[in-house]
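The values are calculated or read from the model by the stated rules, or taken from the named source; none is laboratory data. As the structure is a computational prediction, the values presented were derived from the model and not from experiment. All Cβ positions, even for glycine, are placed from backbone atoms using ideal geometry, and neighbour counts span all protein chains on display. We work out accessible area using only protein heavy atoms, side chains counted, and drop any ligands, DNA or RNA first. Shrake-Rupley method; radii C 1.70, N 1.55, O 1.52, S 1.80 Å.
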Amino acid sequence: MAPAPAPPRALSAELRRAALGAVALPAPRPGARVRAARPREENFHTHRLLMSSNMNSRSLVCPPCNCAQMALADTRIAYQPDVDKHAGVLAYELVQGDLVQWNSFMDKSIPDPPTAVLLHGILGSRKNWGSFAKRLAHEFPMWQFLLVDLRCHGDSASIKKRGPHTVASTALDVLKLVVQLRLTPRVLVGHSFGGKVALSMVEQAAKPLARPVRVWVLDATPGKVRAGGDGEDHPAELIEFLRRMPAQVSSKVEVVNALVKEQFSVDVARWVATNLRRSSPLGQQSSSNFSWTFDLNGISEMYKSYEDTNLWSIVENVPRGVHINFLKAERSLHRWALEDLKRIHSAEELAADEGGGVEMHVLEDAGHWVHADNPDGLFRILSSTFRIETTIRGMQD
């Protein structure tokens with residue numbers, strides 16, 4: 001495996017200011033969800049794009065031909081005439097509470113509602129957070145929740161990205177997305193690999209931040225990634241095994257059986273199979289074959305970066321206005337060494353003196369897949385953040 005590549009270019013001053021500070025944003029109808037398009041080649045009409053809605057989704061419609069285009073992350077391109085190609089930064093979904101009346105195409109003077117960004121882990125997708133985000137939106141109707149397919153994953157896999165594929169470049173993608181959507185996140189929640197991405201977002205954004213940001217790192221440490229023991233699933237081995245499988249398979253059952261035969265757990269095998277999509281070769285209406293929705297070569301590079309990336313510096317020198325929460329799953333397969341726990345507890349004391357915050361939590365009766373193993377417990381723990389931020393916003397208003 002190649003050595004860890006150099007970090008991506010630094011954020012411009014404008015991008016840093018907008019990424020996690022400043023005000024902005026607009027939104028769809030209550031309960032509506034907006035998704036970014038997967039890129040495709042076509043002539044872009046010069047007509048104005050109109051918002052339309054059907055059921056629970058909202059898309060951009062080109063009036064003369066009614067070709068439905070899901071909302072692009074890069075709205076500047078979306079409004080440019082005579083563009084042969086268009087592409088978003090990342091595929092995303094915006095889940096909004098009933099009291100949210102906003103979208104990114106509204107007047108820039110209208111402030112955005114409180115926003116949380118939810119980030120999945122390696123081999124996951126934004127769908128991992130779908131049910132949980134809807135539950136949060138129901139409980140906290142003034143909030144909206146941005147679910148993202150990280151580079152090389154889900155619908156973002158078809159959006160070509162230059163390497164290196166690292167934690168830092170993945171974080172920069174998300175920062176660019178929130179800037180283009182004119183969002184100012186108050187909360188970042190990342191599971192596993194996504195947790196390190198959230199920390200990297202804070203590291204790359206402007207310091208001190210213009211307003212408080214609460215970060216949740218779910219079952220991941222800032223530094224060394226420790227492999228599981230015998231009988232436990234090893235992500236690096238899983239990725240390499242998937243890379244050796246055919247690009248197309250006849251059924252999801254075939255994949256599950258192959259993984260179980262290689263001693264991966266049934267739960268993980270079934271979860272991986274959710275990343276298969278029915279293939280539709282050119283000229284065929286349907287196909288009996290399935291292909292992967294992710295870029296396994298890019299993901300392999302990302303996981304290597306996840307193992308190598310050390311973000312203890314941001315935890316032990318928390319910017320003013322940032323509160324970092326670590327959540328350890330009680331039955332986690334990802335090893336939390338005593339050294340990690342001691343270091344986080346030391347950072348708690350130091351951050352309190354510096355105007356930031358670090359806190360450690362334990363989710364009982366849960367393995368690494370915290371939002372699946374104990375969603376009620378996770379909901380109770382995370383809810384405190386949204387109540388606090390809602391109260392702060394009310395006082396400011």
Listed residues VAL358, VAL260 arranged by accessible area, highest first, probe 1.4 Å = VAL260, VAL358
query = Arranged from highest to lowest average of other beta-carbon atoms within 10 Å per residue, in what order do the peptides 101-109, 360-368 appear?
reply = 360-368, 101-109
message = Could you give the length gained by full extension between ASP308 and HIS138, i.e. 0.36 nm per residue of separation minus their alpha carbon distance, to one decimal place?
response = 57.4 nm
task = Output the direction-averaged projected area (hull surface divided by four) of the convex hull of the alpha-carbon atoms of region 134-267, in nm².
result = 11.1 nm²
key: Global form of region 84-197, assessed from the alpha-carbon gyration tensor, a/c cut-off 1.5   = oblate
key: For VAL215, residues with placed amide H under 5 Å, excluding near neighbours   = LEU188, HIS323, ILE324, ASN325
note = Excluding residues fewer than 8 positions from LYS224 in its own chain, the lysines with Cα under 16 Å of it are LYS196, LYS304, LYS328, LYS342
ask   = Over the heavy atoms of LEU94, what accessible area does a 1.4 Å probe trace out, to the nearest 10 Å²?
value = 10 Å²
request  = Evaluate region 97-136: find the radius of gyration of its Cα atoms, find its Kirkwood radius, and give the ratio Rg to Rh.
outcome  = 1.07
query = What accessible surface, in Å², does a 1.4 Å probe find on THR274, ignoring ligands, DNA and RNA and rounding to the nearest 10?
reply = 90 Å²
